[in-house]
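Notes follow the structure.
The values are calculated or read from the model by the stated rules, or taken from the named source; none is laboratory data. Note that the coordinates shown come from a computational prediction; the quantities given were computed from them, not determined experimentally. Virtual Cβ from ideal backbone geometry, glycine too; neighbours counted across all protein chains shown. Ligands, DNA and RNA are excluded from the accessible area calculation, which covers all protein heavy atoms including side chains. Shrake-Rupley method; radii C 1.70, N 1.55, O 1.52, S 1.80 Å.
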Amino acid sequence: MRTMHRALAAALSMLLFTAACTTTSGGGSALDTWDLTGGHAPADVGWDTDLTAMEAEPDEIRLPGGVVLTEIGRANVSREEDRLRSMSVTFPTESVDDVVGRAEALADPLEVDLDPIRRWAAANTDGQDTTPGGALANTPSTNLDADTTLSLSTRAFPEGDAVLRVEIFWAS
């Protein structure tokens, strides 16, 4: 009986912790839409100020420069003091061609240099590259505003699947 009470208390604690970390002051879930267009402090996004790092699957992330990320597999955020410092957004695993299409859709309006990803795709179509751990490519960083940079990275796995990741960094 004591073990069941402990398990129930632990489950309730996790539920309360999750609710505390994901509820905005307006009552909505901070995990639905992350709007980083007005700043990159956790409070600007609607997150708890005690949050030091977070991994989630938001429906949408809005960034400066009109960038909107959707169909997100996972987003990881780290912060330092009262500001977010970096965010990594990973999209679901898909074919190399689909990764390139997604990268092109993100990169074109921002004028991101996609040559590294195009070379990567040529070497990884049909799982040609068997680099241990998967073949990688990274674009140069592009400024979204005076404080925010974005780059794209890809990883192809020997079995033929691949992923696209968007890396965002804030200078201050």
Just one of the numbered conditions (1) open to solvent by less than 30 Å² (accessible area, probe 1.4 Å); (2) polar (S, T, N, Q); (3) within 24 Å of Glu57 (Cα to Cα) is not true of Asn124; which one? (3)
Working only within region 50-66, note down all residues that are open to solvent by less than 30 Å² (accessible area, probe 1.4 Å), touching a Ser or Thr at 6+ places or on another chain (Cβ under 9 Å) and under 21 Å from Ser172 (Cβ atoms). Met54, Ile61, Leu63, Pro64
Residues satisfying the stated conditions in region 96-120, i.e. over 15 Å from Pro140 (Cα atoms) and either surrounded by 15 or more Cβ atoms within 10 Å (Cβ to Cβ) or free of Cβ contacts under 8 Å to residues at least 24 places away in the same chain (or both): Val96, Asp98, Val99, Val100, Gly101, Arg102, Ala105
Would it be correct to say that Leu110 is of a type outside the set (D, E, K, R) and modelled with pLDDT under 90? yes
Any idea which of Arg79, Arg102 is at pLDDT 90 or above and basic (Lys, Arg)? Arg102
Residues that are loosely packed, with under 15 Cβ neighbours inside 10 Å, touching a residue at least 12 places away in the same chain (Cβ under 8 Å) and more than 14 Å from the chain's Cα centre (by Cα), drawn from region 76-94: Asp82
Can you pull out every residue in region 137-164 that is in a loop (DSSP other than H, G, I, E, B) and either modelled with pLDDT of 95 or more or open to solvent by 40 Å² or more (accessible area, probe 1.4 Å) (or both)? Pro140, Ser141, Asp145, Ala146, Phe157, Pro158, Glu159
